[in-house]
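Some notes on the structure that comes next.
Just so you know, all these numbers are worked out from the coordinates, no wet-lab data involved. Since we're looking at a predicted model, the values are computed, not measured. Note that we place each Cβ from the backbone using ideal geometry, even for glycine, and neighbour counts take in every protein chain shown.
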Amino acid sequence: MKKTIIIPLILLIAVAINLQASSAMAGSKQRHRWEGFAIGIGTAIIGSAILDHHHNQHYYKPAPRHYRKDSPPPPTFKRHGGHWEMRKVWVPPIYKRVWNPGHYDRRRCWVDGDWIEIVDQPGYWIEERVWIAGRR
């Protein structure tokens, strides 16, 4: 009877000792801290890239087209006449406001940051068909 109780008790104690890890086997407390930090930062960067890509796909709008419609059709009365004429029309440039951060200029003087306007799309000429009314 004593053998049947002692053998399982010894096995239970042996298993408990093996499962209990000593702090000497674990190493230093800071050994894997930087590895965990690097894994966390990498996961955050990849996760934000995936979320941004997913977010931009749902809200993507194509750039607006810059075009001009033909001028209105000629008047219906025939008394005064008129004609179509091709004219050059200047389409003004489109500007964009951007933040220019503070910096040192060529003379090594500090320049505070400010909003500046830069050309987003340059101006250009187009030919447009225009109705020229006759004299009255």
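Percentage of Cα-Cα pair distances in the stretch 82-133 greater than 15 Å, rounded to whole percent? Here the long-distance tail beyond 15 Å is 67 percent of all Cα pairs in the stretch 82-133. Annotation: amide H of GLY82 within the under-5 Å range of GLY134, sequence separation 5 or more or interchain, hydrogens built in the peptide plane.
With θ taken as phi - 60° and the Karplus curve 6.51 cos²θ - 1.76 cosθ + 1.60 applied, the whole-hertz 3J(HN,Hα) list for the stretch 5-16 is 8, 6, 4, x, 5, 5, 4, 5, 5, 5, 5, 5 Hz, x standing for glycine and proline.
Determine the sum of side-chain charges near VAL98: Lys and Arg each +1, Asp and Glu each -1, restricted to other residues whose C-beta is under 11 angstrom from that of VAL98. Don't jump to the answer; show the numbers that get you there.
Working: positive: LYS96, ARG97; negative: ASP114, GLU117, ASP120.
Every neighbour counted, the sum reads -1.
Model label points for CYS109 and TRP90, set 7 angstrom from Cα along the Cα-to-Cβ axis, are 3.3 nm apart.
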